[in-house]
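Take a look at the structure set out below.
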Amino acid sequence: MSGQVEVRCRCGEVRGIVTGPSPQTVNRVVCYCDDCQAYAHQLGRADLLNAKGGSDIVQFAPNTLSFTRGQDRIAGLRLTPKGLYRWYATCCNTPVGNTLGPAIPFVGIPVQCFDAARPDDVFGAPRCEIFGKYAVGDPPAGSTGMNLSLMLRAIGKVIGWRLSGKTWPHPFFARGTGAPIYASTVISQERREELRALCGPHPTAQDRS
Ligand SMILES: [Zn+2]
Ligand SMILES: [Zn+2]
């Protein structure tokens, strides 16, 4: 499958296009890490997590994503001062891109945030499940170990995107300065701890939303 797929926030204010997605050009993994869980809870979007708290994330080259509307609604959230930039649509708290800085070029978006009726056809099925030790309840089979070949594949993809010039134009960073295009905030240590109680493996609190 080639062509393009639309990224769309839940309310439709923020939209973008990813060009040329295919199982070969993307990484798709289900991540159970407690940062991804905390982020969904912070946004009030636990609906994006699977029953065990997993986020089904598609990672692709930065220059294949461009926003077509609602850019003024994009803001960033960081769980720690040096953590990932987690960009989201402020209109409806939909994640629209997890990134590091442009030196490590990739963008990750939950699969539900694409307008794809059959995401497995567009991106392939998830290749693995990772950080299962944070999964709510028992970890899914095969999610707690290290899958070296898949890890190398993911790293290789990012290096390849960097070397083949797929960083720029970057949807979240300015060429030249490398500075973020959108404002972002870092949540407080206190809030981070509160969020931890909502996450696996054994949540001790429940979302109020
Ligand atoms: Zn929205
Ligand atoms: Zn994660």
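Descriptive notes on the structure:
- Residues located in segment 70-92, provided they are within 14 Å of ligand 2 (Cβ to nearest atom) and either surrounded by fewer than 19 Cβ atoms within 10 Å (Cβ to Cβ) or assigned to a loop (DSSP other than H, G, I, E, B) (or both): Arg78, Leu79, Thr80, Gly83, Leu84, Tyr85
- Condition check for Gln42: polar (S, T, N, Q) and open to solvent by less than 10 Å² (accessible area, probe 1.4 Å): no
- Summed over segment 1-24, the residues that are more than 13 Å from ligand 1 (Cβ to nearest atom) and in contact with a helix residue (DSSP H, G or I) (Cβ under 8 Å, 6 or more places away or on another chain) give a count of 8.
- In the set (1) surrounded by fewer than 21 Cβ atoms within 10 Å (Cβ to Cβ); (2) farther than 18 Å from Pro126 by Cα, the condition left unmet by Lys52 is number (2).
- Residue match in segment 169-192 (condition: of a type in the set (Lys, Arg) and in a loop (DSSP other than H, G, I, E, B)): yes
- Taking every residue in segment 143-171 that is farther than 28 Å from Gln71 by Cα and pairing it with any residue that is among the small types (Gly, Ala, Ser), at least 6 positions away or on another chain, the pairs with Cβ-Cβ distances below 7 Å are Ser143/Gly132; Ser143/Ala135; Thr144/Gly132.
- Of the listed requirements (1) open to solvent by 20 Å² or more (accessible area, probe 1.4 Å); (2) out of contact with any Asp or Glu (no Cβ under 6 Å at 6 or more places or on another chain); (3) part of a strand (DSSP E or B), Val5 misses just one: (1).
- From Val18, Val30, residue being buried (at least 19 other Cβ atoms within 10 Å of the Cβ) and under 12 Å from the mean Cα position of the chain (by Cα): Val30
- Looking across segment 167-195, the residues that are open to solvent by 80 Å² or more (accessible area, probe 1.4 Å) and within 18 Å of Gly108 (Cα to Cα) come down to Pro169, Ile181.
- Residue match in segment 27-41 (condition: under 25 Å from Ala174 (Cα atoms), touching a residue at least 12 places away in the same chain (Cβ under 8 Å), part of a strand (DSSP E or B) and within 16 Å of ligand 1 (Cβ to nearest atom)): no
- Residue match in segment 56-66 (condition: within 26 Å of Gln189 (Cα to Cα) and either of a type in the set (Val, Ile, Thr) or away from ligand 2 (no atom under 13 Å from the Cβ) (or both)): yes
- Entry remark, segment 93-151: residues being modelled with pLDDT of 95 or more, assigned to a helix (DSSP H, G or I), open to solvent by 50 Å² or more (accessible area, probe 1.4 Å) and away from ligand 1 (no atom under 16 Å from the Cβ) number 4 in total.
The values are calculated or read from the model by the stated rules, or taken from the named source; none is laboratory data. Owing to the predicted nature of the structure, the values given are computational and were not obtained by experimental measurement. All Cβ positions, glycine included, derive from the backbone under ideal geometry; neighbour counts span all protein chains shown. Accessible surface is based on the protein model in full, side chains and every heavy atom, while ligands, DNA and RNA are left aside. Shrake-Rupley method; radii C 1.70, N 1.55, O 1.52, S 1.80 Å.
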